[in-house]
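Rule-based calculations on the coordinates, nothing more; no lab input. The structure presented is a predicted model; accordingly, all values stated were derived computationally and were not measured. Every residue, glycine as well, gets a Cβ built from its backbone with ideal geometry; the counts of neighbours run over all protein chains shown.
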Amino acid sequence: MNRIKNLNNGVKYMLFASLSFAIMGAFVKLASEHMSSLEVVFFRNLFGVLIIGYAVYKKPMTHIGGKPFLLLFRGMMGFSALLAYFYNIANIPLGDAVTYSKTAPIFTAIFAWFFLKEKLSASAWLAVFIGFGGIVLIAQPGAMGFTKYDVLGIFSGIGAALAYTSIRELRNYYDTRAIVLSFTMVGTFGPIILFILSEFIQVPELDFMMGKFVMPSGIVWLYVIVLGLLGTLSQYFMTKAYGETKAGIVGAVSYTNIVFAIFVGMLLGDALPSMMTSFGILLIVIAGIMVARAK
């Protein structure tokens, strides 16, 4: 009975986290109508710094450290992936943007095999190829190849995967809060640097990482506050979910995030995914679950 209860708790926590992530995406989309995606990333991470900073103040961190460059790398990859992810949320259907980001476990398996020398089973390799098939079906590249949104979507998965892979090594040296703080700190100060550079660099192709700071007003403050709170809340419940039951089960349940995102996106005016896109999404979900089960 206890095992069933724990399983149910883990599933419930991940379902809540997935729903929170999807609703956060809706507020990212709403906020992006009034400011650049760079500024949305700034506010998302500023909340994280304040909350984690307070947690560290209440209970100081204890760890051996010794991997500062890897810690910085984790922060940079997480920040870059979030820039690409939020830019796509602002410009393409929410379900598509979330699906691209959910390719991260597939890329994580590849990077863990390449960098950490972890063995991949035959089913894991099959999952990788199925996942890439899903990416192609969603992107549907034409004669000109992948679009800017496709490239950024794929990068949002790759960047997140590199961040996750580095966490596997970092958790042996650092307090979990230090690892999270490396991401939120880079994600807070990085945009400030880019805001300054944006005054001198005006290249349309770089609009996903450039932008001028516009002080929020009125309802926009509600958008940034809610997305900051939901982002933190979803991270919290996702962490609790992985602490309650097996990672493979929780990882599989996390793909409900795509379903929630499609539904929330439709409420905001997104069209229902085409048959081809739906099949691509299904392949990525199958691939992600296969990788999760292999772990």
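Some values worked out for this structure:
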| read-out | value |
| --- | --- |
| Aspartates and glutamates whose Cα lies under 20 Å from that of K119, excluding same-chain neighbours fewer than 8 positions away | E169 |
| Mean residue ellipticity (222 nm) of the chain, computed from DSSP H runs ≥ 4 via -39,500 (n - 2.57), nearest 500 | -26000 deg cm²/dmol |
| Three-way shape label, region 1-116, alpha-carbon gyration tensor, a/c 1.5 | rounded |
| Axial C-alpha extent at least 27 Å, average Kyte-Doolittle at least -1.0 - helices from the chain (DSSP) | 2-31, 37-58, 68-91, 148-170, 176-197, 219-244, 275-294 |
| Local electrostatic count at Y57 - Lys and Arg +1, Asp and Glu -1, tallied over other residues with Cβ under 14 Å | +2 |
| Pairs beyond 21 Å (Cα-Cα), from K12/K246; K29/K102; K67/K240; K117/K240; K12/K240; K12/K59 | K67/K240; K117/K240; K12/K59 |
| Cα gyration tensor, region 2-294 - rounded (a/c under 1.5), prolate or oblate | rounded |
